[in-house]
Amino acid sequence: MTIIDGKIVSEKIRQDIKKEIEKLGIQPGLAVVIVGEDPASKVYVANKIKGCQQVGIKSFSYALSESTSEEELLELIDSLNNNREVHGILVQLPLPNHLDQAKILERIEVKKDVDGFSAYQMGKLALGQPELTACTPSGVMQLLKEYGIEISGKNAVIIGRSNIVGKPMFFMLMQENSTVTVCHSRTKNIKEICQNADILVAALGRANFVTADMVKQGAVVIDVGINRVDGKLCGDVDFQAVKDKCSFITPVPGGVGPMTITMLLYNTLKAYKLYGK
Ligand code: NAP
């Protein structure tokens, strides 16, 4: 059994991004917008800005007060859309309740949508013509690639169908020629479906949901979940019980988590290369 080390892969990709930016002599820019005081969001934003500094991406940071109006936020997005130094725009979620999240995200120019959440970017992915793709599932694909894990012809099962993880994960695994089943809260016989998985991706947000009896001997198990139990971080997979049945498994923390910001940096460079010059 191999434990997939997301920190090492993430660091390697960051070094590659840094080298490419230096070689090309360019300075991609990423704007990060946060509204309000959510402590977890503040940590994520700080890490994104730190990541930019590490690889040579210029960061533009906007910390707006909780009481910011929709109009003010839309105005800021318009100005970032028109700013030629900015190649990626990220609005940290969740937004305060008085702001219409869908409307705000739709205002981001699709060519600067480094989260890959827009209808255009999701549509391109669905058509098998990916441009900027959602960071967390892209990170999963990078981990599979780095560890030389065969995807083609395999049975892949995803638990979770959210727009930011499960759905894009489905398209990415299918694009790489696996046969993909997506489970969700209404799925019957989840256990039996999971038992058939060569690659099992857990992305539902329920601590230790995947137990050893759900996992096929030799399966690859990817744990996207981030949960807190008694103040301790854990994934959607019962790691201790499942690990000995797997060929590969990601831990939480230190598996998929470190990849998400790295893929955001990757997407910012990609946005520059695709549309930014
Ligand atoms: P989400 O929007 O809450 O979606 C959860 C999905 O899981 C939904 O499709 C839901 O089904 C399904 N689900 C919930 N309970 C289930 C159950 N008992 N059985 C089967 N399916 C069930 O969550 P998300 O944003 O995709 O995030 C999922 C997890 O990944 C969370 O723990 C989150 O913190 C983590 N995450 C990690 C990263 C990272 O960087 N590592 C990034 C993003 C998210 P329905 O559609 O039927 O409701």
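The values are calculated or read from the model by the stated rules, or taken from the named source; none is laboratory data. Predicted, not measured: the structure shown is a model, and the values here were computed from it. Counting neighbours? That spans all protein chains shown, and the Cβs are built from the backbone with ideal geometry, glycine included. The accessibility values were calculated without ligands, DNA or RNA, using every heavy atom of the protein model including side chains. Shrake-Rupley method; radii C 1.70, N 1.55, O 1.52, S 1.80 Å.
Quick look at the numbers
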read-out: Identity of the residue in segment 171-197, within 11 Å of the ligand (Cβ to nearest atom) and under 22 Å from Gly257 (Cα atoms), that ends up least open to solvent (accessible area, probe 1.4 Å); value: Cys183
read-out: Per-region count, segment 17-67, residues outside any helix (DSSP H, G or I), in contact with a Leu (Cβ under 6 Å, 6 or more places away or on another chain) and of a type in the set (A, V, I, L, M, F, W, C); value: 4
read-out: Pair list, Cβ < 8 Å and 6+ apart or interchain, from segment 249-264 residues that are in a loop (DSSP other than H, G, I, E, B) to residues that are more than 10 Å from the ligand (Cβ to nearest atom) and of a type in the set (Phe, Trp, Tyr); value: Pro251/Phe239; Val252/Phe239
read-out: Check on Gln175, touching a residue at least 24 places away in the same chain (Cβ under 8 Å) and more than 20 Å from Gln217 (Cβ to Cβ); value: yes
read-out: Residues located in segment 90-135, provided they are loosely packed, with under 15 Cβ neighbours inside 10 Å and assigned to a loop (DSSP other than H, G, I, E, B); value: Pro94, Asn97, His98, Asp100, Leu127, Gly128, Gln129
read-out: Of all residues making up segment 87-103, the number that are out of contact with any Pro (no Cβ under 9 Å at 6 or more places or on another chain) and under 21 Å from Ile261 (Cα atoms); value: 7
read-out: Residue that is farthest from the ligand (Cβ to nearest atom), among those in segment 200-243 that are open to solvent by less than 20 Å² (accessible area, probe 1.4 Å) and among the charged types (D, E, K, R); value: Asp223
read-out: Flag for Thr268 being within 30 Å of Asn81 (Cβ to Cβ), buried (at least 17 other Cβ atoms within 10 Å of the Cβ), at pLDDT 95 or above and in contact with a Cys (Cβ under 7 Å, 6 or more places away or on another chain); value: no
read-out: Meets criteria (in a helix (DSSP H, G or I), of a type in the set (D, E, K, R) and touching a Leu at 6+ places or on another chain (Cβ under 9 Å)) for Lys270; value: yes
read-out: Cβ pairs under 6 Å, 6+ apart, first in segment 73-91 and under 22 Å from Asp38 (Cβ atoms), second crowded, with 16+ Cβ neighbours inside 10 Å and of a type in the set (S, T, N, Q); value: Gly88/Thr268
read-out: Residue among Gly276, Gly254 that alone is within 14 Å of the ligand (Cβ to nearest atom), of a type outside the set (Val, Ile, Thr) and either at negative phi or modelled with pLDDT of 95 or more (or both); value: Gly254
read-out: All positions within segment 136-168 that are of a type in the set (Gly, Ala, Ser), buried (at least 20 other Cβ atoms within 10 Å of the Cβ), assigned to a loop (DSSP other than H, G, I, E, B) and free of Cβ contacts under 8 Å to residues at least 60 places away in the same chain; value: none
read-out: Ile222 assigned to a strand (DSSP E or B) and at pLDDT 95 or above; value: yes
read-out: Residue that is most open to solvent (accessible area, probe 1.4 Å), among those in segment 1-16 that are among the hydrophobic types (A, V, I, L, M, F, W, C) and assigned to a loop (DSSP other than H, G, I, E, B); value: Met1
